[in-house]
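A.B. asks: The structure that follows is given in the form of structure tokens.
Each value in this text was obtained by applying a stated rule to the coordinates, not by laboratory testing. What you are looking at is a predicted structure, and each value in this text was computed from that prediction instead of being measured. Counting neighbours? That spans all protein chains shown, and the Cβs are built from the backbone with ideal geometry, glycine included.
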């Protein structure tokens, strides 16, 4: 495996999905990560498989395919990662917010999303403990959830059983190429030859591109999540405030937060979500955690009776145009990217893998991949002239 058909850098959900799809297509795949499985963004997420937060766009087309692909992956590898098609509920409590949510739901229905408006009584059938002050929402049966660390681990396990290999504890220090054609890579321990390297390193994808003398404007966007003690049968869907959609689409660097609440298979309840661009600043900030707790209690007052078990933070790979980066690099032939998914990396992973695999094999993909192409950043490189390893 020192000369595989494809080297995938990154053992998160996106990298694991791509490795699985490429392996299933008959390619010999080597996965390399400087840490263990899902040690980056994937290990700090909620496992969202959402279509409800997507406006009509190429990303929505990708998400709709990917949502269904998750259930195909589940069958392919025998499950084991808590995939749950439980559905989602989006709520709003202001006239302006409700009008905006109605408009979004209408547009989504016209583009293939099952979006069902629900009144106060119907809301309480879906979520008995929701605040009595909330009288309108939209129910999205297609929304789902998984345990992302388990998902990545199970997919990599399947890759290994099917002839692939996973190497952890090696840090990529050079992307090797000659005359603009990729030849492999070098880690702090070994050199590997391959005609194809796939960069699936999340928030560090820009660093890998830079090693190759290319450019991706991927930046970290920090978020915190609270975890309560187990409280089974309390929250039945993913429930979030419509402001969450606006926060995703925002380009603001300052802190934004909105109520996002959901249960897990273990009974714990996850509470989010915050977004801010502060680099890789990792300190826990109590005011943000308190704000998230207060917002969640405003949706589910019963939560004030629960104790917090822990809190954690992660860094979403943020692209300035809010579209993932999927495809071959514009400068180095053989270097491919699957990154920049921000908070949608889990839901978009299997469809991202399908696009990458089809393009690498020269087959027609299920959708036009052009909006996601890394080539859209070719003329933006502020560090032109970086030496290419050779």
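A.B. asks: Given an 8 Å cut-off on Cα distances and at least 6 residues of separation, report the relative contact order of the stretch 26-138 as a percent.
C.D. replies: It rounds to 24 percent for the stretch 26-138.
A.B. asks: Could you pull the Rg and Dmax for the stretch 47-188, using just the Cα atoms, both in Å?
C.D. replies: 21.0, 66
A.B. asks: GNM on the chain, C-alpha springs below 10 Å: top fluctuator among 99, 259, 19?
C.D. replies: Of 99, 259, 19, the most mobile in the Gaussian network model is 99.
A.B. asks: Moving on. Once you have a ≥ b ≥ c as the square roots of the Cα gyration tensor eigenvalues for the stretch 144-224, tell me rounded if a/c is under 1.5, and otherwise prolate or oblate according to whether a/b is larger than b/c.
C.D. replies: oblate
A.B. asks: Can you tell me the relative contact order of the chain? Whole percent, Cα pairs under 8 Å, sequence separation 6 or more.
C.D. replies: 23 percent
A.B. asks: Using the alpha-carbon centroid of each, what span in Å lies between the stretch 220-234 and the stretch 23-43?
C.D. replies: Spelled out, the Cα-based centre of one part sits 26 Å from the other.
A.B. asks: Enter the Cα centre distance for the pair the stretch 290-350 and the stretch 149-188, rounded to the nearest angstrom.
C.D. replies: 23 Å
A.B. asks: Using only the Cα atoms of the chain, each taken as one equal point scatterer with no solvent, compute I(q) by the Debye sum, divide by I(0), and report log10 of the ratio at q = 0.15 Å⁻¹.
C.D. replies: The calculated log intensity ratios at q = 0.15 Å⁻¹ are -1.33.
A.B. asks: Can you tell me the orientation of helix 286-299 relative to the chain, as the angle in degrees between its alpha-carbon axis and the longest Cα principal axis, to the nearest 10?
C.D. replies: 50 degrees
A.B. asks: Right, here's the next one. Show me the ranking of peptides 113-120, 51-58 by mean Cβ neighbours inside 10 Å, starting with the highest.
C.D. replies: 51-58, 113-120
A.B. asks: What percent does the relative contact order of the stretch 241-337 come to when contacts are Cα pairs within less than 8 Å and at least six residues apart?
C.D. replies: 19 percent
A.B. asks: Please rank 299, 325, 278, fewest neighbouring Cβ atoms within 10 Å first, as an exposure proxy.
C.D. replies: In order of increasing Cβ crowding within 10 Å: 278, 299, 325.
A.B. asks: How tilted is helix 148-161 with respect to the longest principal axis of the chain? Cα atoms for both, answer in degrees (0 to 90, nearest 10).
C.D. replies: 40 degrees
A.B. asks: Scattering from the C-alpha atoms of the stretch 188-317 alone, worked out with Debye: what is log10 I(q)/I(0) at q = 0.09, 0.20 1/Å?
C.D. replies: The Cα Debye sum returns log10 ratios of -0.36, -1.11.
A.B. asks: What ranking of 378, 155 emerges when the number of other C-beta atoms within 10 Å of each C-beta is taken as an exposure proxy, fewest first?
C.D. replies: 378, 155
A.B. asks: Starting from the Cα gyration tensor of the stretch 60-132, take the square roots of the eigenvalues, sort them a ≥ b ≥ c, and report rounded, prolate or oblate (rounded when a/c is under 1.5, otherwise prolate if a/b is larger than b/c, else oblate).
C.D. replies: oblate
A.B. asks: Helix 58-77 versus the longest principal axis of the chain: what angle, 0 to 90°, nearest 10, using Cα atoms?
C.D. replies: It is inclined by approximately 80 degrees.
A.B. asks: What list do you get for 312, 140 if you sort them by fewest beta carbons within 10 Å?
C.D. replies: Going from sparsest to densest Cβ surroundings: 312, 140.
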